[in-house]
Amino acid sequence: MKPLGPIPDGYHAIGGQLAIGAQSARDLVDAAGGTPLFVYSRAHIDRRVAALRAAMPGQLAIHYAIKANPFPPLLAHMATLVDGFDIASGGELAIVRDAGVDLADVSFAGPGKRDRELEAAVLSGITLNCESENEAQRALAIGDRVGRAPRIAVRVNPDFELKGSGMKMGGGARQFGVDAERVPALAKAIIAGGADWQGLHIFAGSQNLDAEAIAETQGKVLDLADSLARAIGAGPLPKLNIGGGLGIPYFAGDVPVDIGIVGDRLGERFADLPDSLAQTTMAMELGRYLVGEAGVYLCEVIDRKISHGEVFLITDGGLHHQLAASGNFGTVVRRNYPVAVANRFDAEPVETANVVGCLCTPLDRLADKAFLPAARIGDLIAVFCAGAYGATASPMMFLGQGAAREILV
Ligand SMILES: *Cc1c(COP(=O)(O)O)cnc(C)c1O
């Protein structure tokens, strides 16, 4: 037997079945027209954003990084809750535009921006978080050509990283951002080139549950921003995106990050900012923390087999929708996500079963040796923590399977 990850708060049983909001898993599947299905809960997201706002200093803007989940109805809901959006491609710009998001509150990071993406960004008035000198020069040239001053910030590759992060995105040689020591010269060139100077973006890591490590990194981000702003010498920094990093528990033993500690420590720093940052608009950008636990992936048991004494529950879902749960999206050792038999949610576990997908590869595992209620053909399997990096971060075209259904309730 191998442990399952912790089921997030906010899920309970109705008539023995997993309920999301007021509806049972079976009713949701019927309403959506079948499985595999991602269900995202508005109420869950609302509670999460409210708790975060209550913990963080009032002047900290909350941005949503849409790569976590760009489902249009969810984005439209996020637009009522957050202060801005972070995108990472021209395709995501089209998605936020279609969702009716205020483009003045959108910033565009990510390496390898093509000229047509830069042009679309300049014309739409979003902020470019430039990832290199070359990119900044191309953005300025495009601004001259189309007759609009590009709004430009510089993404900094800091000399430190967020310790213990699931994904490291700063510290040492990286494809992200501009090495800190070259940022002042680049920022001066951007300002001299006639851009609408927006400030700095410093992102040091992701998926972190250690509040002390996050607080310490945020302190370093503020120190670095202060020294860079002074070296740039163009007065107080207009904006600072301090990155994100708040993670969610996926695996047995993971404990939720204590946002009270993060907020208190940030509040202490905000109360005592240097002149260079005293008037700066501060933002934090989060993806999975806002939406990850608000999503559940539901699939149906198509077959039940025994092989060498082990039970296999074979579902119509799999890694083509939930790559991360299969352990193939940035994890070193495969561990089980939280998984349940959705239509037997309050039944006692009685057997050890392997929950697998329908793809013809041994990588397609949703839970290994999980202790579960006895599931039969036609039952529903729920994989939790499916609100982020699921539907669009999985190879849905693999084996001709196609997309899952998605609903927001
Ligand atoms: C992916 C990404 C995020 C979101 O990360 P989460 O772990 O989902 O919060 C935020 N900012 C940048 C720059 C990113 O690349």
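The values are calculated or read from the model by the stated rules, or taken from the named source; none is laboratory data. On a predicted model such as this, the values are computed, not experimentally measured, just so you know. Using ideal geometry, Cβ is built from the backbone for each residue, glycine included, and neighbour counts are taken over all protein chains shown.
The table that follows gives values for the structure above.
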| item | result |
| --- | --- |
| When residues of region 237-256 are limited to those that are of a type in the set (A, V, I, L, M, F, W, C) and not in a loop (DSSP other than H, G, I, E, B), the one nearest to the ligand (Cβ to nearest atom) | LEU246 |
| Some residue of region 299-311 being within 16 Å of the ligand (Cβ to nearest atom) and out of contact with any strand residue (DSSP E or B) (no Cβ under 7 Å at 6 or more places or on another chain) | no |
| Residue in region 346-355 that is within 23 Å of the chain's Cα centre (by Cα), among the aliphatic types (A, V, I, L, M) and not assigned by TED's automatic domain parsing to the domain that holds ILE242 present | no |
| Of residues in region 63-89 being within 11 Å of the ligand (Cβ to nearest atom) and among the β-branched types (Val, Ile, Thr), the one farthest from GLU131 (Cα to Cα) | ILE66 |
| Pair list, Cβ < 6 Å and 6+ apart or interchain, from region 166-186 residues that are within 13 Å of VAL156 (Cβ to Cβ) to residues that are acidic (Asp, Glu) and at pLDDT below 90 | GLY170/GLU161; GLY171/GLU161 |
| Wholly enclosed strands (runs of 3 or more DSSP E) of region 1-94 bearing at least 3 residues in contact with a helix residue (DSSP H, G or I) (Cβ under 8 Å, 6 or more places away or on another chain) | 17-20, 37-40, 60-65, 84-87 |
| Enumeration of residues in region 138-163 that are over 11 Å from ALA195 (Cα atoms) and within 14 Å of the ligand (Cβ to nearest atom) | VAL154, ARG155, VAL156, ASN157, PRO158, GLU161, LEU162 |
| Cβ-Cβ under 7 Å pairs, at least 6 apart or on other chains, region 121-137 side closer than 20 Å to ASP179 by Cα, far side in a loop (DSSP other than H, G, I, E, B) and among the basic types (Lys, Arg) | GLU135/LYS113 |
| Any hit, region 218-236, residues being within 12 Å of the ligand (Cβ to nearest atom), closer than 20 Å to ASN157 by Cα and assigned by TED's automatic domain parsing to the domain that holds SER107 | no |
| Identity of the residue in region 271-298, more than 14 Å from the ligand (Cβ to nearest atom), buried (at least 19 other Cβ atoms within 10 Å of the Cβ) and touching a residue at least 60 places away in the same chain (Cβ under 8 Å), that ends up farthest from PRO36 (Cα to Cα) | THR280 |
| Whichever residue in region 346-389 is part of a loop (DSSP other than H, G, I, E, B), touching a Phe, Trp or Tyr at 6+ places or on another chain (Cβ under 8 Å) and in contact (Cβ under 8 Å) with a residue 40 or more places away in the chain and, among such residues, is farthest from the ligand (Cβ to nearest atom) | LEU359 |
| Residue within region 204-219 that is in contact (Cβ under 8 Å) with a residue 60 or more places away in the chain, out of contact with any helix residue (DSSP H, G or I) (no Cβ under 7 Å at 6 or more places or on another chain), outside any helix (DSSP H, G or I) and of a type in the set (A, V, I, L, M, F, W, C) present | no |
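To keep it simple, each residue is scored yes or no on (1) surrounded by 21 or more Cβ atoms within 10 Å (Cβ to Cβ); (2) of a type in the set (Gly, Ala, Ser); (3) without any contact (Cβ under 8 Å) to a residue 60 or more places away in the chain; (4) closer than 21 Å to ALA153 by Cβ.
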| position | (1), (2), (3), (4) |
| --- | --- |
| ASN69 | yes, no, no, no |
| LEU74 | yes, no, no, no |
| HIS77 | no, no, no, no |
| ASP83 | no, no, no, yes |
| VAL96 | yes, no, yes, yes |
| ASP102 | no, no, yes, yes |
| ARG116 | no, no, yes, yes |
